[in-house]
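The values are calculated or read from the model by the stated rules, or taken from the named source; none is laboratory data. Worth saying up front: this structure is predicted, and the values here are computed from it rather than measured. Note: ideal-geometry Cβ built from the backbone for every residue, glycine included; neighbour counts use all protein chains shown. Surface areas here come from the heavy atoms of the whole protein model, side chains and all, with no ligands, DNA or RNA. Shrake-Rupley method; radii C 1.70, N 1.55, O 1.52, S 1.80 Å.
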Amino acid sequence: MAELTRETLIWMYERMTLIRTFEDRVAELFAEGLLPGFVHLYAGEEAIAVGACAHLTDRDTITSTHRGHGHCIAKGVPVAPMMAELFGKATGACKGKGGSMHIADVDKGMLGANGIVGGGGPMACGAALTNKLQKTGAVTLCFFGDGAAEQGTMHEAMNLASIWRLPIVFVCENNLFAESTPWFYHCAAKDIAERGSAYNMPGLLIDGCDIFAVHEAVGEAIARARRGEGPSLIEARAFRYYGHFQGDAILYRTPRELEEYRRRDPLTQFRKRVVERGLISPEDLDRIEQRATEAVELAVTKAKEDPYPAASELLTDVYVTYA
């Protein structure tokens, strides 16, 4: 923490608070029946996306998962078009045609959330290969879950990234459950991170509730990638407060587990540490939280008022023509 500037610390808390506020509000809106489709919420895992993306600029790229709202916000995607996208409105990030699981903003380097488990790995390799061949100096972060860690696509992606020494950091967000299956039940390895040795890349297990641990570990991996030394694998363990999807009864975990992770909440930890060290005052942190609430409420109000896509737009932007 010592090397972080006050500006960076404030940015971190702004992003984490914005993610938490956005997700809690989305949970309410979905329960009210105002959002079509499915939503998969990220609350509880904020330290991973924000700690990792703190090292990136718009030229760097990320791939995401079906639980992608947090990655979007951490990468700088504004919440207004995100909220409009969840409402299916024409002003949405994807013109209301992508929904929660497909929010993208290429200008921000956010290549898209992904409804296919493990689908981000090959995309990340493509983006990283482009950066390597064009010598842009940019890196790609590939976020994926513990369930996706068992998909063949991820193993193929890590193998290819290592063979080609691509500038990628694979960030496995292990929230302990693949839908409802405990990670230790579906994973033969002791840790997902130890699989890095199988692909000749560093593998590191860290606390995903500690933003400073995430920032340090991912920062070292990004520096390695920028030096042309190839990919790394980081497993960050955290906990999602909501179910796999909204409507999930969450019968597979205990109140004691939830209590334990609430005690380790990433926002509470951050607040305690920066206040104790006199780096940011409680009043300043309160103002950040208030701004997050105002930004999300403004996004909700606007999204409700915005128009749906016109029927004439039904078939536009559906396919990409490369000719």
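Filter region 16-69 down to residues that are in a loop (DSSP other than H, G, I, E, B) and of a type in the set (Asp, Glu), then give me how many there are. Step through it out loud before you land on a result.
Of the residues in region 16-69, the ones in a loop (DSSP other than H, G, I, E, B) are 32-45, 54-60, 64-68.
Then drop every residue that is not of a type in the set (Asp, Glu), which leaves 32, 45, 58, 60.
Going through region 16-69 one residue at a time, the tally reaches 4.
Find the residue count for region 268-296, including only residues that are outside any loop (DSSP other than H, G, I, E, B) and free of Cβ contacts under 8 Å to residues at least 12 places away in the same chain.
Of the residues in that region, 10 qualify.
Being more than 19 Å from Val117 (Cα to Cα) and small (Gly, Ala, Ser) is the filter; apply it to region 134-183 and report the residue that is surrounded by the fewest Cβ atoms within 10 Å (Cβ to Cβ).
Taking region 134-183 as the starting set, the residues that turn out to be more than 19 Å from Val117 (Cα to Cα) are 134-139, 162-167.
Still in the running and small (Gly, Ala, Ser): 137-138, 162.
Values: Gly137: 13, Ala138: 21, Ser162: 19.
Here the residue is Gly137.
If you take the residues in region 184-200 that are touching a Leu at 6+ places or on another chain (Cβ under 7 Å) and open to solvent by 10 Å² or more (accessible area, probe 1.4 Å), which one is nearest to Arg165 (Cα to Cα)? Steps first, answer last, please.
Taking region 184-200 and keeping what is touching a Leu at 6+ places or on another chain (Cβ under 7 Å), we get 191, 193, 195-196.
Now drop any that are not open to solvent by 10 Å² or more (accessible area, probe 1.4 Å), which leaves 191, 195.
Details: Asp191: 23, Arg195: 17 Å.
Only one residue tops the list, namely Arg195.
Of all residues in region 175-230, which are in contact with a helix residue (DSSP H, G or I) (Cβ under 8 Å, 6 or more places away or on another chain), free of Cβ contacts under 8 Å to residues at least 60 places away in the same chain and not in a helix (DSSP H, G or I)?
Matches in region 175-230: Ala178, Cys187, Ala189, Ile192, Asn200, Met201, Pro202, Gly203, Leu204, Leu205, Ile206, Asp207.
Could you list, in sequence order, the residues of region 93-119 that are open to solvent by less than 10 Å² (accessible area, probe 1.4 Å) and under 11 Å from Thr61 (Cβ atoms)?
Across region 93-119, the qualifying residues are Gly109, Met110, Gly112.
Does Ala84 satisfy being small (Gly, Ala, Ser), open to solvent by less than 10 Å² (accessible area, probe 1.4 Å) and either in a loop (DSSP other than H, G, I, E, B) or under 19 Å from Pro307 (Cβ atoms) (or both)?
Details: small (Gly, Ala, Ser): yes; open to solvent by less than 10 Å² (accessible area, probe 1.4 Å): yes; either in a loop (DSSP other than H, G, I, E, B) or under 19 Å from Pro307 (Cβ atoms) (or both): yes.
Criteria met by Ala84.
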